[in-house]
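Before any comments, here is the structure.
The values are calculated or read from the model by the stated rules, or taken from the named source; none is laboratory data. Because the structure is predicted, anything quoted here is derived from the model rather than measured. For neighbour counting, all protein chains shown are included, and Cβ atoms are generated from backbone atoms with ideal geometry for every residue, glycine included.
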Amino acid sequence: MEKRALITGITGQDGSYLAELLLTQGYKVYGIVRRASQDNCQRLEHLLPCLTLLQADLLDQTSLMAALEEAQPTEVYNLAAQSFVPASWQQPILTAEFTAVGVTRLLDALRKVCPQARFYQASSSEMFGKVRESPQTETTPFHPRSPYGVAKVYGHYITVNYRESYGMFACSGILFNHESPRRGVEFVSRKITQGVARIKHGLDEELRLGNLEAKRDWGFAGDYVRAMWLMLQQDEPDDYVIGTGQTHSVEEFVRLAFEHAGLDWRRHVVIDPRFYRPAEVDVLLADASKARRKLGWQPQMSFEQMVYAMVDADIAALSRAAKPQARAA
Ligand code: NAP
Ligand code: GDD
């Protein structure tokens, strides 16, 4: 049978890596994009000739059903969400519509159009929030600390519920933070590496950040999309924690990134209370032993390698951008 995948959120960081992986596995890949006045496919440019993009929105059930009718997917990956935690305090209702109820819209459309398709839901370690135990496993209770985290808890449980109610092959991947040179620039990892590159190029003097003490279990996005795919290749649907099993503070990330560029972070980083959150997730740490045992999954890229690759990519991008100016001068 032809393997056909439909990805929501294909224009995002994870969507681009997942599309690459599925194309190399021989899938016909469809992606849902929402209408915008300008095309938003920068992360996909190198893949566009191989993809079929369909216009739909998680807010609009009819468009989701039409996309499923057209793609007739064997696998659906729901990566679309309002994914930036601070924005969820500014737009809590919109976040709930996209990130929580959007999951039900898609699951229900799937139930009606192609109930045999396998379904992946992009759940998050933000659901653990004020952690009840450490490290966190599939059975650790949730205590979300942001409207985003609350919305993801809903998305997780509605996925489990459709599996239990309708026998659908629906999996929830509880993924810890994962980064890459394609990460959005508002997330702390990319904000740091882009900031380092700008300081290195003499474009900025300072980098303004919030809480440097928060700790995250950071991995590389390319490794994590492999885990998503593996979940849908199993005999039975299930939920899995995906992370590296190591935690690092924001300050450690900052120090490594600046040092890699030959800079002293203490001379450039300014603490700005604007970037503190109303409620913080202090520390996250994954126990991904179930994924290791059942999926054979483990991360390939270390924390240090990932930080260095992100810094190098941002410095190289600015060097490329500066070249035409140098020629003109
Ligand atoms: P991202 O870069 O922010 O991408 C989000 C995607 O969702 C974009 O393609 C965006 O489209 C799309 N989207 C947003 N609202 C939509 C709507 N109403 N209808 C259709 N599409 C919509 O996020 P990511 O880092 O790739 O993460 C992918 C998923 O994993 C998200 O659900 C995120 O919450 C979850 N997650 C991420 C991490 C992580 O560390 N990266 C960890 C755990 C879970 P536009 O391009 O049009 O904005
Ligand atoms: N964004 C940002 N900007 N975060 C900062 C800053 C800053 O200037 N300064 C310190 N931080 C701290 C935040 O307070 C937080 O503790 C940590 O850096 C990580 O922030 P983000 O990179 O914005 O990611 P996140 O952990 O809130 O959420 C990401 O990971 C989740 C999985 O745990 C997102 O990708 C979510 O979509 C994802 O579910």
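At a glance:
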{"quantity": "Single unsatisfied condition, GLN90 versus (1) under 30 Å from GLU280 (Cβ atoms); (2) more than 10 Å from ligand 1 (Cβ to nearest atom); (3) in contact (Cβ under 8 Å) with a residue 24 or more places away in the chain", "calculated": "(3)"}
{"quantity": "Qualifying residue in the range 98-119 (condition: more than 30 Å from LEU284 (Cα to Cα), small (Gly, Ala, Ser) and in contact with a Pro (Cβ under 7 Å, 6 or more places away or on another chain))", "calculated": "yes"}
{"quantity": "Pairs, first within 18 Å of ALA221 (Cβ to Cβ) in the range 231-250, second polar (S, T, N, Q), C-beta under 6 Å, six or more apart", "calculated": "VAL241/THR137"}
{"quantity": "First in the range 149-162 and away from ligand 2 (no atom under 16 Å from the Cβ), second anywhere and outside any helix (DSSP H, G or I), Cβ under 6 Å, 6 or more apart", "calculated": "TYR162/MET168; TYR162/ALA170"}
{"quantity": "Selection count where residues are crowded, with 20+ Cβ neighbours inside 10 Å and among the acidic types (Asp, Glu), scope the range 87-130", "calculated": "1"}
{"quantity": "Selection from the range 36-67 of residues that are more than 18 Å from LEU21 (Cβ to Cβ), part of a helix (DSSP H, G or I) and free of Cβ contacts under 8 Å to residues at least 40 places away in the same chain", "calculated": "GLN42, THR62, SER63, ALA66"}
{"quantity": "Matching entry among ALA100, ALA122, ALA96 (being within 15 Å of ligand 2 (Cβ to nearest atom) and over 25 Å from ALA291 (Cβ atoms))", "calculated": "ALA96"}
{"quantity": "Any hit, the range 179-189, residues being out of contact with any Phe, Trp or Tyr (no Cβ under 8 Å at 6 or more places or on another chain), within 16 Å of ligand 1 (Cβ to nearest atom), free of Cβ contacts under 8 Å to residues at least 12 places away in the same chain and within 24 Å of GLN42 (Cβ to Cβ)", "calculated": "yes"}
{"quantity": "Residue count for the range 62-81, restricted to those that are surrounded by fewer than 18 Cβ atoms within 10 Å (Cβ to Cβ) and either farther than 18 Å from ALA170 by Cα or not assigned by TED's automatic domain parsing to the domain that holds HIS156 (or both)", "calculated": "4"}
{"quantity": "Those residues of the range 11-26 which are away from ligand 2 (no atom under 16 Å from the Cβ) and crowded, with 22+ Cβ neighbours inside 10 Å, in sequence order", "calculated": "ALA19, LEU22"}
{"quantity": "ALA109 vs. criteria touching a residue at least 60 places away in the same chain (Cβ under 8 Å), assigned to a helix (DSSP H, G or I) and more than 28 Å from PHE275 (Cα to Cα)", "calculated": "no"}
{"quantity": "Whichever residue in the range 27-60 is acidic (Asp, Glu) and farther than 23 Å from ALA109 by Cα and, among such residues, is surrounded by the most Cβ atoms within 10 Å (Cβ to Cβ)", "calculated": "ASP39"}
{"quantity": "Tabulated pairs, the range 1-12, first free of Cβ contacts under 8 Å to residues at least 60 places away in the same chain, second of a type in the set (A, V, I, L, M, F, W, C), C-beta under 7 angstrom, 6+ apart or interchain", "calculated": "THR11/VAL33; THR11/CYS41; THR11/LEU44"}
{"quantity": "Any chance GLU259 is more than 30 Å from PHE169 (Cβ to Cβ), surrounded by fewer than 20 Cβ atoms within 10 Å (Cβ to Cβ) and out of contact with any Lys or Arg (no Cβ under 8 Å at 6 or more places or on another chain)", "calculated": "yes"}
{"quantity": "Residue match in the range 90-111 (condition: on the phi > 0 side of the Ramachandran plot and assigned by TED's automatic domain parsing to the domain that holds ILE158)", "calculated": "no"}
{"quantity": "Filter result for the condition that a residue is near ligand 2 (Cβ under 10 Å from one of its atoms), in the same structural domain as GLN90 (by TED's automatic domain parsing) and assigned to a loop (DSSP other than H, G, I, E, B), over ARG145, ARG132", "calculated": "ARG145"}
{"quantity": "Breaking point among (1) buried (at least 18 other Cβ atoms within 10 Å of the Cβ); (2) more than 17 Å from the chain's Cα centre (by Cα); (3) more than 12 Å from ligand 2 (Cβ to nearest atom); (4) not aromatic (Phe, Trp, Tyr), for SER172", "calculated": "(2)"}
